[in-house]
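Asker: Take a look at this one; I'll ask things after.
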Amino acid sequence: MALNQQKVQELDAVVVGAGFSGLYMLHKLREAGYSVRVYEAGEDVGGTWYWNRYPGARCDVESIYYNYTFSEEILNEWTWSSRYAEQPEILSYINFVADKLELRRDIQFKTRITAARYNDQNRNWEIRMEDGTRVTAEYFITALGCLSSSNIPKFKGLDSFKGEMYHTGRWPHEKVDFSGKRVGVIGTGSSGIQAIPAIAQEAGQLTVFQRTPQYSCPAQNHPLDSETIGQTRKNYGELKQLMRYSMHGVPSGPRMRSALEDSQEERERLYEKAWQEGGLFSLTYNYNDIGILPEANETAASFIRTKIKQIVKDPEVAQKLMPTYYYATKRPIIDTDYFETYNRENVSLVDIKAAPILEITQNGIKTAEAEYELDVLVFATGFDAMTGPLFNIDIRGKNDISLKEKWADGAELKTYLGIATSGFPNMFMLTGPQSPSVLSNMMVSIEQHVDWVADCINYLREHHLEAFEATGEAEEFWSQQCRAIADMSLLTKTDSWYMGANIEGKPRGFLAFAGGVGLYRIICDDVAARGYEGFTSVLSTLGTDESFVKEGFFRSNIDPQAWFILKQLESAGAPPLELLTPDQARLAADFRLLAGAPEEVAKVENRTIPVPGGEIPVRIYTPAGEGPFPALVYYHGGGWVIGNLDTVEVPCRMLANRAGCVVVSVDYRLAPEHKFPTAAEDSYAAVKWVAQYAASIQVDPERIAVGGDSAGGNLAAVVSLMARDQGGPSLAYQMLIYPVTNHSYDTKSYQENADGYFLTKNTMVWFWNHYLRDEHDGKNPYASPLLAEDLSGLPPALVITAGFDPLRDEGEAYAQRLKAAGVSVEETRYDGMIHGFFWMPGVLVQGNAAINQAANALKHAFNTVKTI
Ligand code: NA7
């Protein structure tokens, strides 16, 4: 029926779902004066907590953090009884909030939304219910929950079972009586692990059908005392901030230490303490690399395996319960007496990986090995997560394209911020795929999304903007970002519902944003502050179709990985270096995590070498094979003020291996303690030392190159001039990575990239001021090689620059002058890169590429020298 043939209610917004997110969205929009209606399939409020009523169901986030924080009144009026609240208590809380805010009057229960279609002409959504009723709304907001589409695997004979059948996510309201019955539970995820101990206490016989053994730690649940509650209330303002800017939405985070840095005894001591304390993150928060490095992960995994062995008395059963996947790459599980339950007489465990379920029969389950007679069958088999609930509604955007089609059933999942997707204007997904959602305390993520969406709608109304839509570029960028972040961890190395791997035929791909809620909030706020960058909209008052696209970084060509690093650094809240003392700056500028793990080289040796008026350390990296090798004398960056041998440990090792040369990394003396020309003279002395003592470090004195990044690039260029002017040694090559070449701030790249791209103009001014004795020094070619009158007769050069770097243009100007002077130059601008990317190969593909390019250029230069 056409839209105009039937009177259709028109609303500002329709929200689907009356769980935590839908309720808060309703409240927010209603308070702001919009007409809103919530549609909910269930008979009452609660969402997840309405449906998941199985025995033992409780939250795995501590109750005091698992509530709304937007209202102090609500916070103070509700008191949780225990550390981990049970489902009935959480549902009571939701009811309490719904009553208090009088939300029910705008909720229509027992109403399933089956379709939603965007009308391009009216710029609104038509939303259809199961009974055919329709409403229209300008904004269509899904508050469907991430885990609301239950998964019942399509076992053969499923319908033939004569007994009772339940799914944990669709549990009946009346009590299920297990007493004396033969019960089978399929599934040992969070739900199964909570339900199994509770059912075992009642059932005559419980058989658990386990496909994947799980890691689980004790919840150590206990009643909350009034002192804890009082303290929490008192400090809630602070706790709220900590939660909002944390990794997972709880007011703590991982300790900044590798699991591999501690001895086994120390690790075990900490893991034991965490085990006794209980909780979702207790074990993993001991270290910051359990989710990243397989070896670090194994330390925690093997600790839990040992615990399982100790708890479960029958060694055969214990063996079947041994998990092998990377710990915490599925949602970590906390339990109450889960493993202990297997010591009960009435509980048995069936390994259905070894002997799969063949079919469900009239009387029970038949596996490849045996038949199990059952009265009750419980499916604890999880959910079609994240995309499942969205695909259950026939959502159609512009040109009648369905969301399912657009995302190719999930294979082409693309969202912007996990909130919106292009082609679906005015549609907002609360805790949608590619947002932190299930990787966080949902309450923190829900409040953040609802606040953001409400602010956005206010903005659109204030600015008379319609048809608000994510751009294709923005969602491409975001989806790439989500994949890249997840791939940095072990999360994508395990088959889990995070990956869509639990549903037969579902395309694999990581479904959430794994960068943490704090970073995510900063990004979302940043997007909003820039006028909703990455979205397009139409100005309604113009009455035209001219659309407004906020271009920003999506069109600016910055590399997504580099952008992510910038956001991370911003979220870390470090002060600009120029506000620190040089000593403080040296400590603060420790970016080793960005470099990645150092690779093996055949030999690393620390030495001290003489320089005029003192001595300095050098670190010598020797590759495998027979010497003598060519050599690269390398100068680290850091504005002549900060930086050290460790800063460039990773690229030096990579260069030694890839270029097959000895790398001598030079710890020249730093300013302001040692001002110009000390760094330059130390650097020159180092190259002379290498030439003089070449044989002692397996170096061929005929094939010595210099190189460096940033201030180190400056020093490499200066040493090349000095060697030319002051009698050698003869250099084979100069490798200049985004070098400083001129004491001046007037280039276009200084204007474009003065701020916001890691190295700022202010920091450069601070560096130069520390380095130079006076302005006059800045004119000296040994400080500003671009000012050298003559650049002829210099060694061939590689000049690498970064697009988003204040130093870009002076590096390129130097390359031009070298070329004009007849020097052979290989020049590459890495368009999307930021300053410093050369020593960030751990997080930047382009960092790796630049190191490989430099290694190849060196190899070529060394070979060329040899043939002359
Ligand atoms: P989960 O964590 O997805 O667990 C489902 C369980 O069911 C898990 O053990 C699965 O084994 C098992 N399963 C799924 N499909 C099958 C089939 N076809 N055959 C046998 N076993 C199967 O869901 P939960 O409800 O426990 O928890 C969901 C989230 O709720 C949880 O992460 C918390 O965030 C709260 P598998 O591991 O896939 O081999």
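The values are calculated or read from the model by the stated rules, or taken from the named source; none is laboratory data. Just so it is clear, the structure is predicted and the values come from calculations on it, not from any experiment. Neighbour counts are summed over all protein chains in view; Cβ atoms, including those assigned to glycine, are modelled from backbone coordinates with ideal geometry. These area figures cover heavy atoms from the full protein model, side chains too; ligands, DNA and RNA do not enter into them. Shrake-Rupley method; radii C 1.70, N 1.55, O 1.52, S 1.80 Å.
Asker: May I ask for the angle, rounded to the nearest 10°, between helix 808-820 and the longest principal axis of the chain, with both axes built from Cα atoms and the value confined to 0 to 90°?
Answerer: 40 degrees
Asker: While we're on this one: Find how many whole Å separate the alpha carbon centroid of region 654-729 from the alpha carbon centroid of region 431-463.
Answerer: First find each Cα centre; the distance between them is then 53 Å.
Asker: For region 18-140, what is the convex hull (Cα atoms) projected area averaged across all directions, in square nanometres?
Answerer: Value for region 18-140: 8.7 nm².
Asker: Between helix 761-771 and the chain, what is the angle of the helix's C-alpha long axis to the longest principal axis, kept within 0 to 90° and rounded to the nearest 10?
Answerer: Roughly 40 degrees between the two axes.
Asker: Could you work out how far helix 472-487 tilts from the main Cα principal axis of the chain, as a 0 to 90 degree angle to the nearest 10?
Answerer: Result, in degrees: 90.
Asker: I would also like to ask the following. Give the shape of region 3-72 as rounded, prolate or oblate, defined through the alpha-carbon gyration tensor: a ≥ b ≥ c are the square roots of its eigenvalues, a/c under 1.5 means rounded, and otherwise the shape is prolate if a/b is larger than b/c and oblate if not.
Answerer: Numbers: a/c = 4.94, a/b = 1.69, b/c = 2.93.
Oblate.
Asker: Further, regarding this structure: Give me P(r) over region 114-263, computed from all C-alpha to C-alpha distances, binned every 5 Å, as integer percentages.
Answerer: Once binned at 5 Å, the Cα pair distances of region 114-263 give 2, 6, 9, 10, 11, 11, 11, 13, 13, 10, 4, 1, 0, 0.
Asker: Could you state, as a whole-number percent, how many of the C-alpha pairs of region 222-281 are farther apart than 14 Å?
Answerer: Values: 1248 of 1770 pairs.
More than 14 Å apart: 71 percent of the Cα pairs in region 222-281.
Asker: While we're on this one: Could you give P(r) for region 739-809, binned at 10 Å from zero, as whole percent values over all Cα-Cα pairs?
Answerer: Taking every Cα pair in region 739-809, the percentages come to 19, 47, 31, 3.
Asker: Here's another thing I want to ask about it. State the antiparallel share, in %, of DSSP beta bridges confined to the chain, rounding to the nearest 5. Display every interim value, and only then the final one.
Answerer: On the way: 42 of 108 bridges.
Looking only at bridges with both residues in the chain, the antiparallel portion is about 40 percent.
Asker: Give the residue list of GluC sites (Glu not before Pro) in region 561-642 that are DSSP loop and have at most 13 other beta-carbon atoms within 10 angstrom.
Answerer: Here the sparse-neighbourhood loop sites are E599, E600, E626.
Asker: With a/c under 1.5 counting as rounded, go ahead and sort region 556-596 into rounded, prolate or oblate using the C-alpha gyration tensor (a ≥ b ≥ c being the square roots of the eigenvalues; past the cut-off, prolate if a/b is larger than b/c, else oblate).
Answerer: prolate
Asker: Viscosity 1.567 mPa s, temperature 4 °C: give me the Stokes-Einstein translational D for region 321-397 in µm²/s, with Rh taken as the Kirkwood radius over C-alpha pairs. Could you put the intermediate results ahead of the total?
Answerer: Values: Rh = 16.3 Å.
In µm²/s, the coefficient rounds to 80.
Asker: Let me ask you something else. At q = 0.12, 0.15 Å⁻¹, what is the log10 ratio I(q)/I(0) for region 595-725, with the Debye formula run over Cα points and no solvent?
Answerer: So the normalised log intensities work out to -0.39, -0.62.
Asker: Note down, for region 365-509, the three equivalent ellipsoid semi-axes (square root of 5 times each alpha carbon gyration tensor eigenvalue), biggest first, whole angstrom.
Answerer: Numbers: eigenvalues 230, 58, 54 Å².
Sorted largest first and rounded, they come to 34, 17, 16 Å.
Asker: Let me ask you something else. Thinking of region 349-450 as a set of Cα atoms, what percent of all their pairs are more than 23 Å apart?
Answerer: On the way: 2539 of 5151 pairs.
Percentage above 23 Å: 49.
Asker: Then there is this: Summing -39500 (n - 2.57) over the DSSP H runs of n ≥ 4 in the chain and dividing by its residue number, what mean residue ellipticity at 222 nm do you reach, to the nearest 500 deg cm²/dmol? It would help to have the intermediate numbers written out before the result.
Answerer: Working: 27 runs with 289 residues, N = 868.
Computed ellipticity for the chain at 222 nm equals -10000 deg cm²/dmol.
Asker: Restricting to Cα atoms and excluding each atom paired with itself, what does the Kirkwood estimate give for region 223-376 in Å? Don't jump to the answer; show the numbers that get you there.
Answerer: Working: mean 1/r = 0.0536 Å⁻¹.
Mean inverse Cα-Cα distance, inverted, gives 18.7 Å.
Asker: Let me ask something additional. Compute the Kirkwood hydrodynamic radius of region 651-802, taking the inverse of the mean of 1/r over all pairs of distinct Cα atoms, and give it in Å to one decimal. Show your work: numbers first, answer last.
Answerer: Details: mean 1/r = 0.0619 Å⁻¹.
After inverting the pairwise mean of 1/r, the radius is 16.2 Å.
Asker: In Å and whole numbers, how far do the C-alpha atoms of region 81-195 stretch along each principal axis, longest first?
Answerer: Result for region 81-195: principal-axis Cα extents of 60, 44, 23 Å.
Asker: Taking every Cα atom in region 254-337, find the radius of gyration and the maximum pairwise distance Dmax, and write them in Å.
Answerer: For region 254-337, the Cα-based Rg and Dmax read 12.6, 39 Å.
Asker: While we're on this one: Show me the ranking of peptides 798-805, 121-128 by mean Cβ neighbours inside 10 Å, starting with the highest.
Answerer: Numbers: 798-805: 25.8, 121-128: 18.1.
Most protected by this proxy first, the peptides run 798-805, 121-128.
Asker: Next question, about the same structure. Holding the Cα-Cα limit at 30 Å, pick out from K330/K406; K603/K761; K675/K761 the pairs that are longer than that.
Answerer: Over 30 Å apart, Cα to Cα: K603/K761.
Asker: Right, next: In Å and whole numbers, how far do the C-alpha atoms of region 578-625 stretch along each principal axis, longest first?
Answerer: Principal extents (largest minus smallest coordinate, Cα): 47, 36, 10 Å.
Asker: For the pairs K240/K307; K156/K353; K309/K493; K234/K567; K110/K181, note any where the Cα-Cα span goes beyond 27 Å.
Answerer: On the way: K240/K307 34 Å; K156/K353 17 Å; K309/K493 25 Å; K234/K567 32 Å; K110/K181 33 Å.
The pairs that break the limit, which is 27 Å between Cα atoms, are K240/K307; K234/K567; K110/K181.
Asker: A further question follows. Set the bar at 32 Å for Cα to Cα. Now go through K100/K404; K366/K404; K28/K414; K100/K175 and name every pair that lies beyond it. Working shown, then result.
Answerer: Numbers: K100/K404 38 Å; K366/K404 35 Å; K28/K414 27 Å; K100/K175 28 Å.
Too far apart for the 32 Å limit: K100/K404; K366/K404.
Asker: Follow-up. Would you please put 11-19, 88-96 in order of how densely packed they are, using the mean number of other Cβ atoms within 10 angstrom per residue and starting with the highest? Please list the in-between numbers first.
Answerer: Numbers: 11-19: 25.3, 88-96: 18.2.
Packing proxy ranking, top to bottom: 11-19, 88-96.
Asker: Taking N as the number of residues in region 195-298, what is its alpha-carbon radius of gyration divided by 2.2 N^0.38 Å? All intermediate terms of the calculation are to be shown ahead of the outcome.
Answerer: On the way: Rg = 17.8 Å, N = 104, 2.2 N^0.38 = 12.8 Å.
Here the Cα radius of gyration is 1.38 times the empirical estimate.
Asker: Please sort 482-495, 700-713 by packing, taking for each peptide the average over its residues of neighbouring beta carbons within 10 angstrom, highest first.
Answerer: Numbers: 482-495: 18.8, 700-713: 27.2.
So the peptides 482-495, 700-713, ranked by packing, come out 700-713, 482-495.
Asker: Related question: Take the Cα radius of gyration of region 643-714 and divide it by 2.2 N^0.38 Å, with N its residue count; two decimals is plenty.
Answerer: Working: Rg = 12.7 Å, N = 72, 2.2 N^0.38 = 11.2 Å.
Dividing the Cα Rg of region 643-714 by 2.2 N^0.38 Å gives 1.14.
Asker: Quick check: convex hull over the Cα atoms of region 811-868, volume per residue in Å³, rounded to an integer? Could the numbers behind the result be given before it?
Answerer: On the way: hull volume 4.7 nm³, N = 58.
Dividing the Cα hull volume of region 811-868 by its residue count gives 82 Å³.
Asker: Something else about it: For the chain, what does the accessible surface come to per residue with a 1.4 Å probe? Please give it in Å².
Answerer: Values: 34300 Å² over 868 residues.
Here the residues of the chain average 40 Å² of exposed surface.
Asker: Round to a whole number: what % of the accessible area of the chain belongs to carbon and sulfur, probe 1.4 Å?
Answerer: Numbers: 16430 of 34300 Å².
Result for the chain: 48 percent of the exposed heavy-atom area is carbon or sulfur.
Asker: Taking just the alpha carbons, could you work out the radius of gyration and Dmax for the chain, both in angstroms?
Answerer: Rg, Dmax (Cα atoms, Å): 31.5, 96.
Asker: Would you kindly give the portion of the calculated P(r) for region 742-861 that falls above 23 Å, as a percent of all Cα pairs? Don't skip to the answer; put the middle values down first.
Answerer: Details: 2620 of 7140 pairs.
The answer is 37 percent, as a whole percent.
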